[in-house]
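Note sheet for the following structure.
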Amino acid sequence: MQENEIKTCKMCFKEIPDKAKKCPYCQHWQNKWSLIVFNPLFAMIPMLILIILYTSLLAGMIDKFINQGEEFSKYKNSILVEKSKMKFGVKTSCKGAKYPTVVIIGKLKNHSNISWKEVALEVQIFNKEGKLIDTKQEEKYSFVVPAHEETAFKISFEMEFPKVEYNSFMVFIRSAKDERKRF
C-alpha cells in the first residue's frame, strides 16, 4: 500500500484504508459531520437547552409567586364610579321580622391596564343639609375589576334612620390589590 491510500481513524487513531467511510476497528464514521455529532460538546447542547428552558420556567414561576404587583395608590384615579343609584327595600329575617334597607347599586369602570381584586368600597350617605348620617364599608375578596372594563357592585345595609333622612350619597374606592399579586 502506498502512503496516500492510508489514513488515520479520527476516533481510535488506527490506520485504515483511505477510502473507508467507516473504521473497521471502532465502527466510527469518517465524515466531518460524525465528528461534530459524536463530539462531547455536541452532546452538551441539548442539556444546555434544557437547563435554559428549566431556568426560564422556574424564573417565571418564582416571579408569579412573589410578584408584589402595582400599588393601588398610583392608580386610585383610574377606577371610577360610572353610574350609581340609591334604592330602598325591606329585608325579612329568618324569624319573619322586617327591616328597612338601603341599597347602593352601580358600576365601576377601570381605565387602567391592571385588573384589581379585593376592592374595598365605602358608601357615605348624607341628609338634606349635607351632613353625613350613615356609612358602610365593604370589601369582597372575590370582587375583581378587570382592566379597561366595567363591573357592577351592590352594597346593601340596614337603615338606622327614617327613609326621608337619606338624601344623597357618595361611593369611594378605598383600596384594591393588583390581581397579579400573590398574597
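Quick notes on this structure:
- Within the stretch 93-115, the set of residues being touching a helix residue (DSSP H, G or I) at 6+ places or on another chain (Cβ under 7 Å) and open to solvent by less than 30 Å² (accessible area, probe 1.4 Å) comprises ASN110, SER112, ILE114.
- Residue check for ILE51: open to solvent by 90 Å² or more (accessible area, probe 1.4 Å), among the β-branched types (Val, Ile, Thr) and either in contact with an Asp or Glu (Cβ under 8 Å, 6 or more places away or on another chain) or assigned to a helix (DSSP H, G or I) (or both): yes
- The stretch 79-114, subset of a type in the set (Gly, Ala, Ser) and part of a strand (DSSP E or B), residue farthest from ALA176 (Cα to Cα): GLY89
- Contact map, the stretch 148-173: first residue closer than 23 Å to LYS117 by Cβ, second residue part of a helix (DSSP H, G or I), Cβ cut-off under 9 Å, separation 6 or more or different chains; pairs are ILE173/PHE72; ILE173/LYS76.
- The number of residues in the stretch 88-121 that are farther than 26 Å from ARG174 by Cβ and aliphatic (A, V, I, L, M) comes to 2.
The values are calculated or read from the model by the stated rules, or taken from the named source; none is laboratory data. Fair warning: this is a prediction, and the values are worked out from it, not measured in the lab. Using ideal geometry, Cβ is built from the backbone for each residue, glycine included, and neighbour counts are taken over all protein chains shown. Side chains included, ligands, DNA and RNA excluded: accessible areas come from the protein's heavy atoms. Shrake-Rupley method; radii C 1.70, N 1.55, O 1.52, S 1.80 Å.
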